[in-house]
Amino acid sequence: MYVTEGNVYQVLDYMRKNGLLKFIQQQMKRTDCTYIGSSAGAMIAGTDIYLAEDFDENIVGLTDLKALGLFDGSVIPHYSRRDLKRYIKNSNQKDIGRYSELYSVDDNEALVAEDSKVKKVNFRKVKVKE
């Protein structure tokens, strides 16, 4: 399954209105299913899109920010590992601390989830300290 880039609020709203969130969650329980998220699609793989307010405009007025929940965390798209470290340092630690995992996906990467595990090409992971 591939979820595209775009305005993360708009993509999530479309997915919710068309029953795609539940469908993808059900399909991800299968061992032969792979999820690939690019940009907005990567962020939607996480718990919610709460951090999107720092990057995208909520052009659809979305109030329910819950996403797929494929892992307990969030993804910051278009950020290198260095950018992610700077973002974490400069962000409200309460907002960042709500996640057990925080990933970056730069422009040459994609988030891939399969067999109930999250990976990505050139996977970079930054552990969030509480």
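The values are calculated or read from the model by the stated rules, or taken from the named source; none is laboratory data. Keep in mind that this is a model prediction, so the values were computed, not measured. Heads up, the Cβs are rebuilt from the backbone with ideal geometry, glycines too, and the neighbour counts pull from every protein chain shown. Surface accessibility is based on the protein's heavy atoms, side chains included, excluding ligands, DNA and RNA. Shrake-Rupley method; radii C 1.70, N 1.55, O 1.52, S 1.80 Å.
Inspect the range 73-95 for any residue being closer than 14 Å to Val11 by Cα, among the β-branched types (Val, Ile, Thr) and at pLDDT 85 or above and give the result as yes or no. Checked against the condition, which is being closer than 14 Å to Val11 by Cα, among the β-branched types (Val, Ile, Thr) and at pLDDT 85 or above, the range 73-95 yields no hits at all.
A count restricted to the range 63-84 and to residues that are over 24 Å from Gln27 (Cα atoms) and open to solvent by 30 Å² or more (accessible area, probe 1.4 Å) stands at 7.
Among the residues of the range 84-101, just one is closer than 15 Å to Gly73 by Cβ and among the basic types (Lys, Arg), namely Arg98. Select from the range 64-108 the residues that are hydrophobic (A, V, I, L, M, F, W, C) and either out of contact with any Phe, Trp or Tyr (no Cβ under 6 Å at 6 or more places or on another chain) or not in a loop (DSSP other than H, G, I, E, B) (or both) and list them in ascending order. Ala67, Leu68, Leu70, Phe71, Val75, Ile76, Leu84, Ile88, Ile96, Leu102, Val105 - these are the residues of the range 64-108 that are hydrophobic (A, V, I, L, M, F, W, C) and either out of contact with any Phe, Trp or Tyr (no Cβ under 6 Å at 6 or more places or on another chain) or not in a loop (DSSP other than H, G, I, E, B) (or both).
Only residues that are out of contact with any Asp or Glu (no Cβ under 8 Å at 6 or more places or on another chain) and of a type in the set (A, V, I, L, M) were counted across the range 50-80, and they come to 5.
Across the range 1-39, what is the total count of residues that are closer than 22 Å to Phe55 by Cβ and not in a helix (DSSP H, G or I)? Matching residues across the range 1-39 total 11.
Among the conditions (1) crowded, with 18+ Cβ neighbours inside 10 Å; (2) more than 24 Å from Lys17 (Cβ to Cβ); (3) within 15 Å of the chain's Cα centre (by Cα), the only one that Tyr87 does not satisfy is (3).
Scan the range 6-41 for residues that are within 18 Å of Asp106 (Cβ to Cβ) and modelled with pLDDT of 90 or more and jot them down. Residues satisfying the conditions are Gly6, Val8, Ala40, Gly41.
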